[in-house]
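Some notes on the structure that comes next.
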Amino acid sequence: MKRNILNSTLIAACVLMVVGCRPKKEIVKAPPVAEAAPANDKKSENLALLLGKELQYNTLSLKGKADLDINGNSNNVTLNIRIQKDQKIWFSVTALGGALEAARGIITPDSLWLMNRLQKTILRKPLSYIHDYTNKQVNFGWLQSILIGNTIKEFMTEKSDLNQENGVWVLNGTEQTLAYRTLFNTLLKSTELTLNDAAAAQGLKVVYDKYTPINNGLFPSVVKINSAVGNKKISVAVDFVKIEANVAVEFPFSVPKNYEVIN
């Protein structure tokens, strides 16, 4: 039972991809609403305008600290994350100021590997395993987008409602049983994403703030996540310090002989 609880905690942290620390780069301030560009009547052009603000990259290297609360149990962790776009997300979770590695993992479009250093186990599962903690529509692409502040492409279509409210864009719609809403700022970047599936008792809210310039785009240096799946509640406060794009990255992951592999 103890192992199951710990594995659940690490999986939840993996799915939410908690990262943080204090930003060292410039923060771009969103202009006042009065200075924002006027609305265009054509939805397709407005969608293209918003999509044009997406962060473009081949690789990302991130590092930071985060406050993680799982069902009332709070922890401070340090995380290193490396991303090869559309191929893999590697992460390492450390405690005690980075002195003790608690977990290491790799997520790909079809699989999840999670090394629990404390219990000396390797969890090897199909990516669909994350649906125990998220809506069943969540895929690798959604995880990438949620992590870096890009929009979810499946929502950025003509079938969604796109309107200006109080001078900023708001995107609303439904995808099967999932209701979604994305609020943008005057930089045309996401400031809030909500996903709700009432039938499955699942909800996710992500708030983005303090965008910093990188690779001719903008990356949120502050991310706050609140997730509820049934009676499981997770909240995360994130503050990125290291944000590097298109640098050489490695994904070290090997299975020690004395570790138990759990399929």
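Quick notes
- Subset of segment 145-167 [assigned to a strand (DSSP E or B) and surrounded by fewer than 17 Cβ atoms within 10 Å (Cβ to Cβ)]: 161, 163, 164, 165
- Test for residue 77: is it crowded, with 18+ Cβ neighbours inside 10 Å, farther than 24 Å from residue 246 by Cα and either in contact (Cβ under 8 Å) with a residue 40 or more places away in the chain or not polar (S, T, N, Q) (or both): yes
- Any hit, segment 256-263, residues being touching a strand residue (DSSP E or B) at 6+ places or on another chain (Cβ under 6 Å) and buried (at least 18 other Cβ atoms within 10 Å of the Cβ): no
- Boolean, residue 249 is under 20 Å from residue 29 (Cα atoms), surrounded by 13 or more Cβ atoms within 10 Å (Cβ to Cβ) and touching a strand residue (DSSP E or B) at 6+ places or on another chain (Cβ under 8 Å): no
- Scanning segment 92-114 for residues that are under 19 Å from residue 68 (Cα atoms) and part of a strand (DSSP E or B) yields 92, 93, 94, 95, 100, 101, 102, 103, 104, 105, 114.
- Meets criteria (surrounded by fewer than 19 Cβ atoms within 10 Å (Cβ to Cβ) and either at pLDDT 90 or above or more than 16 Å from the chain's Cα centre (by Cα) (or both)) for residue 71: yes
- Flag for residue 130 being at pLDDT 95 or above and surrounded by 15 or more Cβ atoms within 10 Å (Cβ to Cβ): no
The values are calculated or read from the model by the stated rules, or taken from the named source; none is laboratory data. Because the structure is predicted, anything quoted here is derived from the model rather than measured. Glycine also receives a Cβ, built like all others from the backbone with ideal geometry; neighbour counts cover every protein chain displayed.
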